[in-house]
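Taking it in order: structure first as structure tokens, then the write-up.
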Amino acid sequence: MWKTKYNGQAGFTLLELMIVMSIIGILSVIAIPKFNDAIAMANTSKVQTDLQTLKVDMSTVKNVAKMTAAANKPKAIDAFTSEVEKDAIIHGSNHLSQCPSMHW
């Protein structure tokens with residue numbers, strides 16, 4: 001019969017614990033850089049998406065500015081026509097009243 005060293009107590013030896021710890025260390029050395037690369041790729045993707053969104057927003061602002069300028073154009077034309085009418089009154093020309101009315 002074999003004589004037990006631990007008197008029937010269950011547990012792990014120091015060698016077994018050291019082997020498990022070294023395996024965990026090796027796995028973490030492999031896994032941590034991959035995890036950091038995944039985080040960097042996610043951040044890069046987020047920045048690219050943000051830049052694309054900014055590009056679309058800038059295009060929208062540009063189009064709204066064009067539409068606003070187009071909406072304000074009749075006001076500018078009306079101001080110009082009123083200046084022409086003033087000039088016609090000053091110089092005594094009545095040709096403007098013979099022109100068809102402009103509807104913008």
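The values are calculated or read from the model by the stated rules, or taken from the named source; none is laboratory data. The shown structure was predicted, so the numbers you read here are calculated from the model rather than taken from an experiment. Virtual Cβ from ideal backbone geometry, glycine too; neighbours counted across all protein chains shown.
Look through the stretch 10-57, keep the residues that are over 42 Å from the mean Cα position of the chain (by Cα) and of a type in the set (Gly, Ala, Ser), and return whichever of them is surrounded by the fewest Cβ atoms within 10 Å (Cβ to Cβ). Please lay out each step first, then the result.
Of the stretch 10-57, the ones over 42 Å from the mean Cα position of the chain (by Cα) are 10-23.
Still in the running and of a type in the set (Gly, Ala, Ser): 10-11, 22.
Values: Ala10: 5, Gly11: 7, Ser22: 10.
Filtering first and then ranking leaves Ala10.
Taking the stated definitions as given, is Ser45 part of a helix (DSSP H, G or I), hydroxyl-bearing (Ser, Thr, Tyr) and modelled with pLDDT of 90 or more? Explain how you work it out, then say what you get.
Working: part of a helix (DSSP H, G or I): yes; hydroxyl-bearing (Ser, Thr, Tyr): yes; modelled with pLDDT of 90 or more: yes.
For Ser45, the condition - part of a helix (DSSP H, G or I), hydroxyl-bearing (Ser, Thr, Tyr) and modelled with pLDDT of 90 or more - is met.
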